Structure formats: structure tokens, C-alpha cells
1. Do we find that S66 is crowded, with 20+ Cβ neighbours inside 10 Å, more than 16 Å from ligand 2 (Cβ to nearest atom), hydroxyl-bearing (S, T, Y) and in contact (Cβ under 8 Å) with a residue 12 or more places away in the chain in this structure?
2. Report, ordered by the first and then the second residue, all pairs with beta carbons closer than 7 Å, sequence separation of six or more or different chains, a first member in the range 37-49 that is within 19 Å of A81 (Cβ to Cβ), and a second member that is among the polar types (S, T, N, Q) and in a loop (DSSP other than H, G, I, E, B).
3. Counting only residues that are buried (at least 22 other Cβ atoms within 10 Å of the Cβ) and among the aliphatic types (A, V, I, L, M), which one in the range 112-138 is nearest to L174 (Cα to Cα)?
4. Examine the range 28-46 for a residue that is closer than 22 Å to N151 by Cβ, surrounded by 17 or more Cβ atoms within 10 Å (Cβ to Cβ) and touching an Asp or Glu at 6+ places or on another chain (Cβ under 8 Å), and state whether such a residue exists.
5. Report yes if Q158 is part of a helix (DSSP H, G or I) and either charged (D, E, K, R) or farther than 17 Å from H79 by Cβ (or both), otherwise no.
6. Just one of (1) in contact with a His (Cβ under 9 Å, 6 or more places away or on another chain); (2) under 21 Å from L163 (Cβ atoms) trips up I47, so point out which.
7. Please go through the range 205-224 and give me each residue that is outside any strand (DSSP E or B) and more than 16 Å from N329 (Cα to Cα), ordered by number.
Amino acid sequence: MFILVTGGAGYIGSHTVLELLETGHKVVVLDNLVNGSYESIRRIEKISGKSVPFVEGDVRDRDLLSKIFLNYQIEAVIHFAGLKAVGESVVTPLAYYDANVVGSLVLCQAMADAGVYSLVFSSSATVYGPHAPVPYVEDMPRAWTTSPYGNSKSIVEQMLEELSQSDPRWRIVLLRYFNPVGAHPTGLIGEDPRGVPNNLMPFISQVAIGRIPELTIYGNNYPTKDGTCIRDYIHVMDLASGHVLSLKALRNGVNTYNLGTGEGISVLQLVKTFENITGQSVPYRFGPRREGDLAAFWADPSQAQRKLGWCSGRGIEEMVKDTWRWQKNNPNGYDAS
Ligand code: NAD
Ligand code: UD1
């Protein structure tokens, strides 16, 4: 039996595919490569010594999905495929609702047709909205967020809950990621953003390697200890293991888990930690706040610990070391090979 991983050539998907292979699962990947790289699949095969069937195509392509379900005996789907740039989603909301909402909808239709009812969905801490108290706990209500990207995640969560209420055969896990960072310890796979990175960690590492002259820290007048925003950074390998454990824990209905460490770190703290650990300097200056940013949020991860037996074993030093190894070994991401 295979696990179908949509978006498996992307950042979190590639690390999860590797973790699945290393825990004895067979995997087939579907990815349209709009933001992923086939080179990541090649490197997964190199690290694991196993082959990964890869289908290049779109998760909205119902006929293609039917063929995949026909050709492979799929026991469950992990659904990463989608668009994720918050700022871009404000400019092109329809593209985001199409990829994220329509993509998930078509996937569920194809799964039901094929009699596959087990699904792990990539959601985000953003669904708690801008006014939730910290730490975020899963039973807090979902809220409208400040972007079409965030709202697309809330809509899919809602759709999946209604779907499972309509048909008790569905076994769904919603994973709400906090801020994924880091890379596989081999330094062979990692995050390879197209163009200028939107997220903090890849931006810092590209400044450190000299691809970008300096970091702009968005705001230093937030009500936090050093005035910069606080986030809960989580190692991508810990996220990957959260997916493998979720497969084991699938049961009827919808179960929702935060995947975060429970610890908040400020932007300045992260920059300083990066400099200390790598010995590289990261020039920065303070700029205005970025629209839509929240001052501080982090996870209450206790539900995932209790019910999945999951814990985020890797601390911030390991996140930085692994990010830097990947960046140093692949200064131009996957393109260099
Ligand atoms: P990513 O862009 O690296 O990976 C997504 C993959 O999906 C890419 O390889 C892309 O080519 C593929 N894809 C996109 N649209 C597709 C489509 N229509 N059909 C087939 N493939 C398609 O992103 P990631 O960081 O690995 O994120 C994976 C998932 O996790 C996304 O759904 C994202 O919204 C969610 N998420 C990410 C973060 C984060 O910070 N990285 C945080 C919370 C949630
Ligand atoms: C963003 C998204 C969120 C998404 C998450 C992971 C917004 C408002 N939210 O979260 O929906 O789930 O990414 O993909 O975009 N920062 C700088 N300079 C930079 C880049 C970032 O100071 O060049 C700061 C930001 O202001 C923020 C922190 O670093 O305080 C983390 O930023 P980022 O990595 O983009 O993640 P989030 O904003 O938390």
C-alpha cells in the first residue's frame, strides 16, 4: 500500500517523504513543480536508497488523480500541494482559492471515488486569526485571517469537518504548523524559495551567504521584550515525524493538532542565535512593520504530545545548524546541480 503525497517535491513535503520512506512506508508523489523541484526527489532517493514514483501534474486534475488511484493501491493521502505566499495571495486571491480550496475539493472527490478516506491536511497557525490569545490551543475557534492564503486554509478545514460529518468513513487529521525552519541533517534537502524569500529564516541564511546584502527587521516597537515579533519556530524534521505519527493515529472524524514547540523566539533573538552558531554576520536594519503581522504567537503543543506521542525534539540551535549546512552546501538551492 502507498501513501500519496501531494506537493511532495516542496519544502515540508520532501522532508516528510524521506521520513515516510525511513519508517517503512511506500510513497507516490504528485507535484506540478510550480514551487517544488524534481531534484529534491532525486536527492531523497539518494539519501534513502529507495525509489520514489513521481507524477508531475496538478492536484486539480481529476482524471489524473483517478489514474493515480487506479495505478497505485493508496491507503492514505498527505496533502501539502498548494500556494503559500501570504503577500502574493492578497494580489491574486483567486489563484489561491483555486489552488488551495479547489485543489483540496477535487482531491477529496477523487479520494471518495476511489474509496480512500484517510487524509492528513497541511493547515496553519494562521487559522486562529489575529485576535486569539496565546498560546494557541486547538479548541479555540477558527477566525477570518488577514489574507486570502489564511482564509483558504480556514475554508478547507471547515469543508473537511463538514465532509466528515456527512460521511463517517472519513478519517482526517488537520495539522496546524507554526513556523517551519531547518533542513535534513545531510544538507541535501532543504527550503529553496523562488526569488527573494518571504520568510525570516531563509532570508537570514541568504544574507549570511551573501546573496542578499542585509535583513530588514519589520518593526521594533511591538509590545515584546525587545520590540521585535515573537514566533514559534519548528524544525521541519519534527514536522515530518508529526505527519508519520498522524497516519498511525488516523481515526474516524476530524482530529486537529498544533505542530509547534510551545516556545516563542523574537526576530532579534533568532538573528543573534544564527550569528553565534554559524560565526557569520547577518547585517540588519529596522524597517516599518509588515502589514498583517501579529506581535507574538506560539503553540500549545500538548495535544499532539498526548494523542500522537509527538514531541519537537530539535531546538533552535539545531534548526540554525541544519539551515546553515543546507545553505552553505547549496548556495543557489537545487538550481546549482
Ligand atoms: P512548498 O511551496 O515548498 O510546497 C508545496 C508544493 O506543492 C510545491 O512543490 C508545489 O510545486 C506543489 N504544488 C502547488 N500547487 C500545486 C498543485 N495545484 N498541484 C500539484 N502540486 C502543487 O510549500 P511548503 O512550505 O512545503 O508547504 C506545504 C504546505 O504546508 C502548503 O499547503 C502550505 O500552505 C502549508 N504550510 C506551510 C507553512 C510554511 O511556513 N512553509 C506554514 C503553514 C502551512
Ligand atoms: C507567515 C505568514 C503565515 C504563514 C507563515 C509560514 C504572514 C502575515 N503570515 O508567518 O500565514 O503560515 O508565514 O509560512 O505573512 N520578518 C522580518 N524580516 C523579513 C521576514 C520576516 O522581520 O525579511 C519577521 C516578520 O515580521 C515576522 C517574523 O519575521 O515577525 C517571521 O516572519 P515569517 O517567516 O514571514 O513568518 P510569519 O509572518 O510568522
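1. Details: crowded, with 20+ Cβ neighbours inside 10 Å: no; more than 16 Å from ligand 2 (Cβ to nearest atom): yes; hydroxyl-bearing (S, T, Y): yes; in contact (Cβ under 8 Å) with a residue 12 or more places away in the chain: yes.
Against the criterion (crowded, with 20+ Cβ neighbours inside 10 Å, more than 16 Å from ligand 2 (Cβ to nearest atom), hydroxyl-bearing (S, T, Y) and in contact (Cβ under 8 Å) with a residue 12 or more places away in the chain), S66 does not qualify.
2. From the range 37-49, the pairs are E39/S337.
3. Among those that are buried (at least 22 other Cβ atoms within 10 Å of the Cβ) and among the aliphatic types (A, V, I, L, M), it is V120.
4. The answer is no, given that none of the residues of the range 28-46 is closer than 22 Å to N151 by Cβ, surrounded by 17 or more Cβ atoms within 10 Å (Cβ to Cβ) and touching an Asp or Glu at 6+ places or on another chain (Cβ under 8 Å).
5. no
6. The number of the failed condition is (2).
7. I212, P213, E214, G219, N220, N221, Y222, P223, T224
For every residue, the table says whether it meets (1) touching a residue at least 60 places away in the same chain (Cβ under 8 Å); (2) within 25 Å of Q327 (Cβ to Cβ); (3) crowded, with 17+ Cβ neighbours inside 10 Å.
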position	(1), (2), (3)
L163	no, no, yes
S166	no, no, no
I172	yes, no, yes
F178	yes, yes, yes
G182	yes, yes, yes
G187	yes, yes, yes
P197	no, yes, yes
P213	yes, yes, no
T216	yes, yes, no
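FYI, it's all coordinate maths here, none of it is from the lab. Just so it is clear, the structure is predicted and the values come from calculations on it, not from any experiment. Using ideal geometry, Cβ is built from the backbone for each residue, glycine included, and neighbour counts are taken over all protein chains shown.
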